[in-house]
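The block underneath contains the structure these notes are about, expressed in structure tokens.
Each value in this text was obtained by applying a stated rule to the coordinates, not by laboratory testing. All of these numbers come straight from a predicted model, not from anything done at the bench. Note: ideal-geometry Cβ built from the backbone for every residue, glycine included; neighbour counts use all protein chains shown.
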Amino acid sequence: MSFDFSREPLQHFQDFLKQAQDAGLSEPTGMALASVGENGKPSVRTVLFKGLYQNGLTFYTNYEGRKGQELLARPQAALSFWWPSLEKQIRIEGVVEKLPRDVSEAYFATRPRLSQIGAWTSQQSKEIPDLESLVVKQKEIEKKFEGKTIPCPPFWGGFVLIPDEIEFWIGRPGRLHERYVYKKLSHGWHTFMRSP
Ligand SMILES: Cc1cc2nc3c(=O)[nH]c(=O)nc-3n(C[C@H](O)[C@H](O)[C@H](O)COP(=O)(O)O)c2cc1C
């Protein structure tokens, strides 16, 4: 029961994540992402963590979908990782910005072709009549790019969330869970524990 506050929080984050990956958990990089809509209405969904970029956490999505629009209009967001069998949780709050275009394009190029087609096919968050209409659109996109490299759609790309608060939660018996917090100050991190 000791936590090294002298380390950077993202080093702890990488250790926790590696533990989850080494444990062979399903979707260890899955994280809940909360955004803020109009009138302060929150919404949350799962996205996949896709690596660190300049001290921030990245994920990819459609910029025109609900989360994309909410994040662009109100760039405050929160993330939560939970790995039940490890009894560990990490909560992260901060500000998001779009990743540079070349970074998004480089990542898009590494995606499986079917996922690339999917990105062009889906007008994320929009109402659709049925699944069939999506399959028809998928076939059209497939045909359009047949034999060609599929470019990154202009409406698709990454965000990076720059943390201003990170909390590491470790479950303990009797609900005396450990909570270790890093809160950003102008000159570094304020570190402290919170009551469970
Ligand atoms: C395990 C898992 C991983 C997901 N990863 C992503 C992702 O990386 N990017 C994404 O846009 N949607 C991802 N989704 C789908 C989102 O949860 C969500 O349904 C979608 O992005 C639409 O959200 P929105 O309408 O709030 O924008 C994932 C869903 C699950 C269950």
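Counting other C-beta atoms within 10 Å, and keeping those with at most 11, which DSSP coil trypsin sites (Lys or Arg not before Pro) do you find in segment 104-196? Spell out each step's value before the answer.
Numbers: sites: Arg113, Lys126, Lys137, Lys139, Lys143, Lys144, Lys148, Arg175, Arg179, Lys183, Lys184, Arg194; in loops: Lys126, Lys148, Arg194.
Counting only loop positions with at most 11 other Cβ atoms within 10 Å, the trypsin sites (Lys or Arg not before Pro) in segment 104-196 are Lys126, Lys148, Arg194.
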Worksheet item: Rounded to the nearest 20 Debye, what is the dipole magnitude of the chain about its Cα centre when Lys and Arg each give +1 and Asp and Glu each give -1 at the C-beta?
Response: 80
Worksheet item: Hey, with R₀ at 35 Å, roughly what FRET efficiency would Ser6 and Glu97 work out to, going by the Cβ-Cβ distance, to 0.05?
Response: 0.75
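Taking loop as defined by DSSP and a crowding limit of 16 other beta carbons within 10 Å, which GluC sites (Glu not before Pro) in segment 95-196 fit? Before the final figure, lay out the partial values.
Working: sites: Glu97, Glu105, Glu127, Glu132, Glu140, Glu142, Glu146, Glu165, Glu167, Glu178; in loops: Glu127, Glu146.
Filter output for segment 95-196: Glu127, Glu146.
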Worksheet entry | More than 13 Å apart - percent of Cα-Cα pairs taken over segment 84-134 | 76
Response to the item:
If each part is reduced to its alpha-carbon centroid, segment 54-126 and segment 139-196 end up apart, in Å, by 8
Fill in: Reachable lysines, given that their alpha-carbon falls under 20 Å from the alpha-carbon of Lys139 and they are not under 8 places away in the same chain
Lys126, Lys148
Worksheet item: What full-extension length gain, to one decimal in nm, is calculated for Glu87 and Ala34 as 0.36 nm per residue of separation minus the Cα-Cα distance?
Response: 16.9 nm
Worksheet entry | Percent of Cα-Cα distances greater than 14 Å, calculated over segment 22-65 | 62
Practice prompt. At 7 Å along the Cα-to-beta-carbon direction for both Thr149 and Lys137, put a label point, then send me their distance in nm to one decimal.
Written response: 2.6
Worksheet item: Looking at the chain from every direction and averaging, what is the projected area of its Cα convex hull in nm²?
Response: 13.8
